[in-house]
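Comments concern the structure below.
The values are calculated or read from the model by the stated rules, or taken from the named source; none is laboratory data. Remember, it's a predicted structure, so these values are computed and weren't measured experimentally. When we count neighbours, we look across all protein chains shown, and the Cβ atoms used for this are built from the backbone with ideal geometry, even at glycine.
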Amino acid sequence: MMPSTLGWPTSFCCRSPSKEIDPDPPLSEQGRRDVERLAALLRTAGIQVDVILHSGKTRPAQTAALLAASMLPTGQPQARAGLGPTDPQQLRSCEP
């Protein structure tokens, strides 16, 4: 793994904060605009990471894809078991 622009291997996790059994709605238009603004800010700041992980749910996957365009110089965001909103806290590791 190549070090990120921060000087050490880094990861970025995207997961839904909802505690519902099956929260799988897409990003709202406002949510998409918010993530695009964040992505632009990160791009301007030159922030890059080595991996972006998401829960596999629709909204976190869409968020990860939008952020990857700005933060992930190589590869694609990856779905990761254990990041879902109903997974036990100890399984919600963001380690790649």
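Residues of the stretch 77-95 that are at pLDDT 75 or above and within 11 Å of Leu53 (Cα to Cα): Pro77, Gln78, Ala79, Arg80, Ala81, Gly82, Leu83. As an exercise: evaluate Phe12 against (1) modelled with pLDDT under 60; (2) part of a loop (DSSP other than H, G, I, E, B) and give the number of the one condition it does not meet. In the conditions (1) modelled with pLDDT under 60; (2) part of a loop (DSSP other than H, G, I, E, B), Phe12 misses (2) alone. Residues in the stretch 64-91 that are in a helix (DSSP H, G or I) and in contact with a Lys or Arg (Cβ under 9 Å, 6 or more places away or on another chain): Leu66, Ala69, Ser70, Met71. Checking each residue in the stretch 47-63 for being more than 13 Å from Gln76 (Cα to Cα), in a helix (DSSP H, G or I) and more than 8 Å from the chain's Cα centre (by Cα) picks out Thr58, Arg59.
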